[in-house]
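The values are calculated or read from the model by the stated rules, or taken from the named source; none is laboratory data. The model shown is predicted, which means the values in this text are computed figures rather than measured ones. Backbone-built Cβ (ideal geometry, glycine too); neighbour counts: all protein chains shown.
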Amino acid sequence: MDQLFLFIIEVIGTVAFAISGIRLAAYKRFDLFGAYIIGLVTAIGGGTLRDLLLDIPVFWMQTPWYLAVTGISLLVVVVFRRLLVSMNKTLFVFDTIGLALFVVIGIQKTLMVDYPMWLAIVMGVITGSFGGVVRDILINEEPLFFRKDIYATACLAGGIAYWVSMSLGWSAVTSQIICALVIAGLRMGAIQYDWSLPVLSISPKDANPKDEGEK
């Protein structure tokens, strides 16, 4: 039952991330094959790196379902592209749910192979965000992961909430739900109220005079 539940979550998350990646590829005017690759990388990138680091079989290599689901996502975008363009907010919610689910599954899979909780949180962040990093690099955009937007921070906060819940003796299911809700809440709050992290920047006035002289 646990394996089936994890599989269903991964499929839902794959659809969410594949559609988000394919839509960005469409804005960049990629052809259909290029859009498919961007959607696939977005959907499976984080889980692939997680499984390689944990030295377990890579999840999408065990079944063709993930490749097929990405193809179906591409078809959905092609057929309903006009509708999807006008549904940015709805798709953001769907993408946020996918992010939350992927973090939960990253944590759960890591705990299932007997790694400590701190590493499970790291793997949860990787599962949820690394595919988006690769996607942004491939489409020549600054990765969202490194911007001030509340993205990876939301994954980290959700993982910590999972850890605290388990420490309090709450069930795994309850901890997973709390983790997902924290991530979704922070992502939606960041958009609604423009929450962001402080930006690290250096202005020309802060430059070392000695360095200026060396130039």
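Quick notes
- Considering Thr127, Thr70, the condition of being β-branched (Val, Ile, Thr) and either touching a strand residue (DSSP E or B) at 6+ places or on another chain (Cβ under 7 Å) or closer than 23 Å to Ile191 by Cα (or both) is satisfied by Thr127 alone.
- Residue in the range 71-86 that is buried (at least 17 other Cβ atoms within 10 Å of the Cβ) and within 17 Å of Cys179 (Cβ to Cβ) present: no
- Test set (1) modelled with pLDDT of 90 or more; (2) surrounded by 16 or more Cβ atoms within 10 Å (Cβ to Cβ) - Gly21 fails condition number: (1)
- Residue that is surrounded by 15 or more Cβ atoms within 10 Å (Cβ to Cβ) and modelled with pLDDT of 95 or more, where the choices are Tyr66, Tyr36: Tyr36
- For the range 138-153, filtered to residues that are at pLDDT below 90 and assigned to a helix (DSSP H, G or I), the residue that is nearest to Gly21 (Cα to Cα) is Leu144.
- Applying the criterion of being touching a residue at least 60 places away in the same chain (Cβ under 8 Å) and over 16 Å from Ala152 (Cβ atoms) to the residues of the range 102-111, the residue that is nearest to the chain's Cα centre (by Cα) is Ile105.
- Scan the range 164-187 for residues that are touching a residue at least 12 places away in the same chain (Cβ under 8 Å) and surrounded by 16 or more Cβ atoms within 10 Å (Cβ to Cβ) and the total you get is 12.
- Residue in the range 122-135 that is buried (at least 20 other Cβ atoms within 10 Å of the Cβ), among the charged types (D, E, K, R) and closer than 30 Å to Gly34 by Cβ present: yes
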